[in-house]
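S.K.: Could you have a look at this structure, given as structure tokens, before my questions?
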């Protein structure tokens, strides 16, 4: 992970030392200065966001937690679809497991904030046995298969009276906090969780496992024959995405203080994830984040128009999928050649290189 | 005797599931495309029938003469001008487009008809039943639905395996490029398959409306049931799809017999069990690579 610019084997000095005239006219880069600036920018942004509860109202902090949840969810869905080639329509199952695990641990007397990471892990662990079944399906059938599993989880949860059965329950354990303090703490936990998950995602995708994953997405058979351990890599991805969605579910409960099975296990979550990822651009790290921000603003301004707003979103998703498959970020990237968080390697021809 | 009754009702319900699933199976078989708006199209058909009945006072099942062709035309246009752009090795674009379509159909229906639950009143047919020995009673509307489902699935099977147009469909499904080389217009062939699929799902939607109640958000569970029937039966086999529907129907009604809230969960669990021990389904015909 050192950095940025690697010289291709035999590209410059070794070839020059041999006195060869066949100097390969390329170098391989991973982004250079823009990526460095972007990483610095990410840290500054996180630093600025940390101070939000000191400067703005609890209401703003509450809304920003919703935005963090959207960013998390969109990134997790994109991780599955854009990097693993697995389209899931069942991530709401893990959102529900995260929320209900947090509820259960808080009911047992655990501090809810300490329980948030455990709730996320519970979703990740549960995803491993589920992947055994889910991976028998592909493409659209995988999507509906994961949806069935989420439905099964919902049907099981509504049968547990201790968790509020069909009507839901309130999160205990936070009544000792003053409301402003509670909102600020929730906000910091959400910010930390989101930043950690996104940083892990970035590091994972830059590692050799990430290269393997991209290979799987592009051609599974070829990846397998080049020695990528396909099933293992996909399972890792599935578990990571489940953990992120579990975290999102736990954060949503900590933010709203109430959980209801029909809303936490709703297919609507999948709709939101798909919108964010598709609008922003599938297959890049930046796209879903941008998409989540766009979606958050649209939702904030237009959600009052109800069904017509959703019709518009559906039409927008169709238009982008059919006519602009790279999404907003992908399109910008193509035009400007800009990558903030590069996870691949780029071959730069020497003549074309401007600096 | 209650269990025999539950099983018989399940078989009849399964016919309806099989009919729903036939369209999904057909579109996947020909275009390798999973239509996530499938359930919502059925609900759209049910609402069309309901509107026609209210406006003209026509007999509910006769509305099919209008609803099925209209939805077939809608399917043709949709495939020819929108879905065709997304057919390819990558399943993602077609999933996104059909998902967007599902959201649109559902919310337009919500906007126009509100979230109220409604049904199609088929008059005396709704309550009339056939008495069997042992005090069993089978509703005529359920029997009729099952008979229609078997007829349509059988008809589709014969059409695909024996008619010239069916041969064209299968050829294009096997290898669209070679089909184009011998002069077939794959876009027209695909659009025809979608039109057929939409017509069958329209029939299923109207019979669903006649048997039970529906609202604009009923589509999602219909999609799940249809999908479960397809997987239980085995991808690419229409008779398998019918068998899968029947198994799912029996699981749901027998589950409901144990506890009325348990039916759908038992159906899901039977599906997951099949996925665990026989992932290729009962009567698989194609291998999904």
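The values are calculated or read from the model by the stated rules, or taken from the named source; none is laboratory data. Here the structure is a predicted model, which is why all the values come from computation and not from measurement. In this analysis, Cβ positions are derived from the backbone assuming ideal geometry, glycine residues included, and neighbour counts consider all displayed protein chains.
S.K.: Across region B:248-269, what is the number of residues that are within 9 Å of chain A (Cβ to nearest Cβ) and in a helix (DSSP H, G or I)?
M.R.: The total comes to 4.
S.K.: I'd like the full set of residues that are part of a helix (DSSP H, G or I) and more than 7 Å from chain A (Cβ to nearest Cβ), limited to region B:78-99.
M.R.: B:78, B:79, B:80, B:81, B:83, B:84, B:94, B:98
S.K.: Scan region A:255-307 for residues that are more than 13 Å from every other protein chain (Cβ to nearest Cβ), over 22 Å from residue A:94 (Cα atoms) and not in a helix (DSSP H, G or I) and jot them down.
M.R.: A:284
S.K.: So residue A:118 ticks every box in (1) touching a helix residue (DSSP H, G or I) at 6+ places or on another chain (Cβ under 8 Å); (2) touching a residue at least 60 places away in the same chain (Cβ under 8 Å); (3) surrounded by fewer than 24 Cβ atoms within 10 Å (Cβ to Cβ) but one. Which box is left unticked?
M.R.: Residue A:118 satisfies all of (1) touching a helix residue (DSSP H, G or I) at 6+ places or on another chain (Cβ under 8 Å); (2) touching a residue at least 60 places away in the same chain (Cβ under 8 Å); (3) surrounded by fewer than 24 Cβ atoms within 10 Å (Cβ to Cβ) except (2).
S.K.: Let me spell it out: the conditions are (1) within 9 Å of chain B (Cβ to nearest Cβ); (2) surrounded by 16 or more Cβ atoms within 10 Å (Cβ to Cβ); (3) at pLDDT below 85, and residue A:320 meets all of them except one. Which number is the exception?
M.R.: Of everything listed in (1) within 9 Å of chain B (Cβ to nearest Cβ); (2) surrounded by 16 or more Cβ atoms within 10 Å (Cβ to Cβ); (3) at pLDDT below 85, residue A:320 misses just condition (3).
Yes/no per residue for (1) within 15 Å of residue A:78 (Cα to Cα); (2) in a helix (DSSP H, G or I); (3) away from chain B (no Cβ under 14 Å):
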{"residue": "A:217", "(1), (2), (3)": "yes, yes, no"}
{"residue": "A:224", "(1), (2), (3)": "no, yes, no"}
{"residue": "A:243", "(1), (2), (3)": "yes, yes, yes"}
{"residue": "A:251", "(1), (2), (3)": "no, yes, yes"}
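S.K.: Right, here's the next one. Based on this model, can you work out whether residue A:64 counts as under 30 Å from residue A:326 (Cβ atoms) and crowded, with 16+ Cβ neighbours inside 10 Å?
M.R.: Working: under 30 Å from residue A:326 (Cβ atoms): yes; crowded, with 16+ Cβ neighbours inside 10 Å: yes.
Criteria met by residue A:64.
S.K.: It is to be established whether one or more residues within region A:127-144 are away from chain B (no Cβ under 13 Å) and over 27 Å from residue B:256 (Cα atoms). Step through it out loud before you land on a result.
M.R.: At the first step, the residues of region A:127-144 found to be away from chain B (no Cβ under 13 Å) are A:127-128.
Checking which are over 27 Å from residue B:256 (Cα atoms) leaves us with A:127-128.
Yes, the conditions are met somewhere in region A:127-144.
S.K.: Let me ask another. Of all residues in region B:127-154, how many are surrounded by fewer than 17 Cβ atoms within 10 Å (Cβ to Cβ) and assigned to a helix (DSSP H, G or I)?
M.R.: Residues that pass the stated criteria total 6.
S.K.: For region A:165-191, which residues satisfy the criterion of being surrounded by fewer than 17 Cβ atoms within 10 Å (Cβ to Cβ) and more than 15 Å from residue A:62 (Cα to Cα)?
M.R.: Hits for region A:165-191 are A:165, A:166, A:167, A:170, A:172, A:175, A:176, A:177.
S.K.: I've got another one for you. Return the total of residues in region B:49-69 being without any contact (Cβ under 8 Å) to a residue 60 or more places away in the chain and surrounded by 15 or more Cβ atoms within 10 Å (Cβ to Cβ).
M.R.: Qualifying residue count for the region: 2.
S.K.: Then there is this: Kindly establish whether residue B:75 is crowded, with 19+ Cβ neighbours inside 10 Å and within 11 Å of chain A (Cβ to nearest Cβ).
M.R.: Criteria not met by residue B:75.
S.K.: May I pose another question? Hey, does region B:113-120 have a residue that's surrounded by 13 or more Cβ atoms within 10 Å (Cβ to Cβ), within 14 Å of another protein chain (Cβ to nearest Cβ), over 18 Å from the mean Cα position of the chain (by Cα) and modelled with pLDDT of 85 or more?
M.R.: The answer is yes; a qualifying residue exists.
S.K.: Quick one: in region A:326-347, of everything that is modelled with pLDDT under 80 and surrounded by 16 or more Cβ atoms within 10 Å (Cβ to Cβ), which residue is nearest to residue A:199 (Cα to Cα)?
M.R.: Step one: list which residues in region A:326-347 are modelled with pLDDT under 80, which gives A:333-347.
Now restrict to residues that are surrounded by 16 or more Cβ atoms within 10 Å (Cβ to Cβ): A:333, A:339-343.
On the way: A:333: 21, A:339: 16, A:340: 13, A:341: 10, A:342: 13, A:343: 12 Å.
Top of the filtered list is A:341.
S.K.: For region B:1-21, which positions are surrounded by 24 or more Cβ atoms within 10 Å (Cβ to Cβ) and not in a helix (DSSP H, G or I)?
M.R.: Within region B:1-21, no residue meets the criteria.
S.K.: If you don't mind, there's one more thing I want to ask. Go through (1) within 14 Å of chain A (Cβ to nearest Cβ); (2) part of a helix (DSSP H, G or I) one by one and return the number of the condition residue B:53 breaks.
M.R.: Every listed condition holds for residue B:53 apart from (1).
S.K.: So is residue A:213 farther than 30 Å from residue A:104 by Cβ, away from chain B (no Cβ under 14 Å) and within 19 Å of the chain's Cα centre (by Cα) or not?
M.R.: yes
S.K.: Inside region B:170-188, can you point out the residues that are assigned to a helix (DSSP H, G or I), modelled with pLDDT under 90 and surrounded by fewer than 24 Cβ atoms within 10 Å (Cβ to Cβ)?
M.R.: Hits for region B:170-188 are B:170, B:171, B:173, B:174, B:176, B:177, B:178, B:179, B:180, B:181, B:186, B:187.
S.K.: Filter region B:155-165 down to the residues that are over 22 Å from the mean Cα position of the chain (by Cα) and assigned to a helix (DSSP H, G or I), then identify the one that is nearest to residue B:1 (Cα to Cα).
M.R.: Top of the filtered list is B:162.
S.K.: Give me the pairs: first residue in region B:143-157 and on the phi < 0 side of the Ramachandran plot, second residue exposed (fewer than 15 other Cβ atoms within 10 Å of the Cβ), beta-carbon distance under 7 Å, and six or more apart or on different chains, which are they?
M.R.: Pairs found: B:143/B:130.
To keep it simple, each residue is scored yes or no on (1) over 25 Å from residue A:202 (Cα atoms); (2) surrounded by fewer than 20 Cβ atoms within 10 Å (Cβ to Cβ); (3) modelled with pLDDT of 85 or more.
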residue: A:5; (1), (2), (3): no, yes, no
residue: A:23; (1), (2), (3): yes, yes, no
residue: A:53; (1), (2), (3): yes, no, no
residue: A:73; (1), (2), (3): no, no, yes
residue: A:76; (1), (2), (3): no, no, yes
residue: A:94; (1), (2), (3): no, no, yes
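S.K.: On the given criteria, is residue B:282 more than 20 Å from residue A:154 (Cβ to Cβ), outside any helix (DSSP H, G or I) and more than 11 Å from chain A (Cβ to nearest Cβ)?
M.R.: Taking the combined requirement at face value, the residue satisfies it.
S.K.: Okay, moving on. Could you check region A:287-317 and list, in sequence order, the residues that are surrounded by 22 or more Cβ atoms within 10 Å (Cβ to Cβ) and over 17 Å from the mean Cα position of the chain (by Cα)?
M.R.: A:310, A:313, A:314, A:317
S.K.: Give me a count of the residues in region A:152-166 that are within 14 Å of chain B (Cβ to nearest Cβ) and over 28 Å from the mean Cα position of the chain (by Cα).
M.R.: Of the residues in that region, 5 qualify.
S.K.: Next question. Would you check if there is a residue in region B:220-232 being over 14 Å from the mean Cα position of the chain (by Cα), in a helix (DSSP H, G or I) and within 13 Å of another protein chain (Cβ to nearest Cβ)?
M.R.: yes
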